[in-house]
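Colleague: The structure follows.
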Amino acid sequence: MRYPASEKLEIIHLVERPHLPIKQILDKLGIPRTTFYRWYDRYQIGGPEALEDQSPHPSRVWNRIPDDVRQRIVDLALDVPELSPRELAVRFTDTEKYFVSEASVYRLLKSLDLITSPAFIVIKAADEFRDKTTAINQLWQIKDAVSIRERPASVEDRAVPGHWEGDLIGCSKNSYIATLLERHSRYVMLAKVSNKDTQSVVSTLIKKSQKLPRELYKSLTWDRGKELSDHKRFTLATDIDVYFCDPQSPWQRGSNENTNRLLRQYFSKGTALSVHSQTYLNNMARQLNERPRKTLQFKTPADKFNQCVAMTG
């Protein structure tokens, strides 16, 4: 219970009267002695004014990072998702000539749920084995899956456009969105999916692929979710190679994973994604694609991707 300064002063004057022991008075008032003596010390040093409640927040924080610097740190983390907070802090300090500590970078990325480096991902045993062996096998074992380790080297360095990362994100009431990110340009596409079964997901991905030139959709890297267990039908219909990440390895498609985490900021917890139309998702993707990125020499993903489209001419 908080007491205004006037009541604190009355209690102090009451205790100062010698008719009852201090402990008995404080016990009847329900005030701990440590609390009273803290008031009394402040009163003796600063008088009645010192009994006013003090703000729990400092008036000035000496090491607060400006908003524009915070945004540049986030942009760097999105551009190079494989770096740990320590590596990000060192690189940012070297390239931007602005010192930030590892702890500051970690707190910033943690607040945005952007910690994806393998060194900072801890799987609790209770979470890992919650669904027992059967569910884990269903998740990890996809028939005729081609490992990401067999993906061509030209995909790794992002030099060649047309290689995509993808995932399915879900919310409440069985609502889902397929997210796709082109590795070379960081261009994002979003597609509304009616259900998470492989028939629905693959059909949606096939339809989405038909909107792009063949030269700009050569491969797709997905996680181990069983929603793409019918990947052969996707490849047969589109002639697009599909590669699967290792189990529990989201950093292997880190750019897409970070995009998913940013997308969740657009939806309040418990919101059904089904209430949003495809037009709404297209507008959301456009916002992401029109953000200048340092890794693209401050071009936007939309500009970079449109250049690739023009080259297919």
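Colleague: Out of Arg253, Arg224, Arg264, Arg233, I need the residue that is of a type in the set (Lys, Arg), at pLDDT below 80 and in the same structural domain as Ser154 (by TED's automatic domain parsing). Which one?
Modeller: Arg264
Colleague: Look through the range 191-210, keep the residues that are at pLDDT 90 or above and outside any helix (DSSP H, G or I), and return whichever of them is farthest from the chain's Cα centre (by Cα). Steps first, please.
Modeller: Applying the first criterion (at pLDDT 90 or above) to the range 191-210 yields 191-193, 197-210.
Of the ones still in play, those that are also outside any helix (DSSP H, G or I) are 191-193, 197, 210.
Numbers: Ala191: 20, Lys192: 21, Val193: 22, Asp197: 25, Gln210: 30 Å.
Top of the filtered list is Gln210.
Colleague: Among the residues of the range 67-85, is there at least one that is modelled with pLDDT under 85 and surrounded by fewer than 11 Cβ atoms within 10 Å (Cβ to Cβ)?
Modeller: no
Colleague: Hey, can you tell me all the residues within the range 267-307 that are at pLDDT 90 or above, surrounded by fewer than 12 Cβ atoms within 10 Å (Cβ to Cβ) and not in a helix (DSSP H, G or I)?
Modeller: Selection gives Glu290 alone.
The values are calculated or read from the model by the stated rules, or taken from the named source; none is laboratory data. If you're wondering where the values come from, they're calculated on a predicted model, not measured in any experiment. All Cβ positions, glycine included, derive from the backbone under ideal geometry; neighbour counts span all protein chains shown.
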